[in-house]
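The values are calculated or read from the model by the stated rules, or taken from the named source; none is laboratory data. Here the structure is a predicted model, which is why all the values come from computation and not from measurement. Every residue, glycine as well, gets a Cβ built from its backbone with ideal geometry; the counts of neighbours run over all protein chains shown. Accessible surface is based on the protein model in full, side chains and every heavy atom, while ligands, DNA and RNA are left aside. Shrake-Rupley method; radii C 1.70, N 1.55, O 1.52, S 1.80 Å.
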Amino acid sequence: MTAARLVIGGPYGVGKTTFVGAASEIDPLRTDATVTDASTTTDRLLDPHKTTTTTLMDFGRLTFPDQRTMLLLYGVPGQDRFRFLWDHLMGPAIGAIVLVDTRDLNASFGSLDFFESSGRPFLVAVNHFAGSDRYTTGEIRHALQLPDHVPLLECDARSRASARDVLIAFVHHALTTQPATLAPSPGRPF
Amino acid sequence: MASHRRPWVEEDTASLRPYAVTRGRTSAPHHLGRDSIVVTNIQVRPASGLQPEEDAILRLAAEGPVPVAELAGRLRLPVQTVKILVGDLLGFHYLILAVSDLRADTDTGNHATLERVLAGLRRL
């Protein structure tokens, strides 16, 4: 059996929990992300020599029995102060889906900068909220200053079919951008 | 047993209770991670006297392969605690390890895995 980890990122309130719930075959769960020796707030309770930070993230999964494979989805907290956690989670991840909301594109820049610099495949999915203005993908790409090689598509994070389409688009992208013979990842410690 | 019926609150994970479950141990086997997947070994009948958390893991993993992160979410225990318990249950052969852990150097751009995921998604 094999497994693959996919990170769902994007700013606070953009619909990451909703997306994980729509994509997952189980009701989404909250699971802790505990990072030791992160350079943030400290918890010296268990080991005075280590700093530990704990937060919660969304977890969901899809099992493909015929393929003997499981896709593990982690929706990570969106605030920029959790960058150390994104870094930690991207270690063995196949890449990321970054959700954006056209009502507040500025809030997306922190996430986009991070995932672009991660060197891993990612795509941008515009989550459409009721009452949000419709822009063309060209307009959104321009506003986000998104390079041409990063796919951009629209989605409805509440919809299972839409979430599935985003996942398929991501895997397509990952297959076309990564060399078939595996190159070591560019210095991303787990 | 009244404490088991109390709704879980976040403060519980920050307390020492998770380490009471592990009898004070804080380090887990190195090959286990949040993405490790286990399944209950139906050929070995567990001895009685397991902790409630260990029983719960065996029940959940009897339904099919289940990742450590999911066990932690369902049991409302820290991933680290679940890794320690899963390590014990693997040692007793009550659990079978289906996926050890994902590694940054081998699992990030593995085309075979990506192809499997794609094939699976297309059949949904």
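The residue among B:50, A:77, B:66 whose Cα reaches farthest toward the positive pole of the charge dipole of the protein assembly as shown, with charges on the beta-carbon of Lys, Arg, Asp and Glu, is B:50. Go ahead and run the numbers for FRET between residue A:81 and residue A:130, Cβ-Cβ distance against an R0 of 35 Å, rounding to 0.05. According to the calculation, E is roughly 0.75. Ranking A:114, A:137, A:92 by Cα position along the charge dipole of region A:81-143, where only Lys, Arg, Asp and Glu carry charges on their C-beta atoms, puts A:92 farthest toward the positive end. Beta-bridge orientation, chain A: approximately 40 percent antiparallel, per DSSP, counting only bridges with both partners inside. For chain B, there are no membrane-span-like helices by this rule, meaning no whole DSSP H stretch whose C-alpha atoms cover at least 20 Å of axis and whose Kyte-Doolittle mean is 1.0 or above; this says nothing about an actual membrane. Whole angstrom only: what separates the Cα centroid of region A:92-136 from the Cα centroid of region A:49-83? Region A:92-136 and region A:49-83 have Cα centres separated by 17 Å.
The accessible area of residue A:129, taken with all protein chains in place and a 1.4 Å probe, comes to roughly 60 Å². Only helices enter the 222 nm calculation for the protein assembly as shown: every DSSP H run of n ≥ 4 contributes -39,500 (n - 2.57), and dividing by all residues gives -9500 deg cm²/dmol, rounded to 500. Computed extension gain for residue B:42 through residue B:30, at 0.36 nm per residue and net of the alpha carbon distance, reaches 1.8 nm.
Over all other residues within a Cβ to Cβ distance under 13 Å of residue A:18, the charged ones net out to -1, with Lys and Arg as +1 and Asp and Glu as -1.
This model, with +1 at the C-beta of Lys and Arg and -1 at the C-beta of Asp and Glu, gives region B:15-123 a dipole about its Cα centre of some 200 debye. In chain A, Cα pairs under 8 Å separated by at least six residues give a relative contact order of 25 percent.
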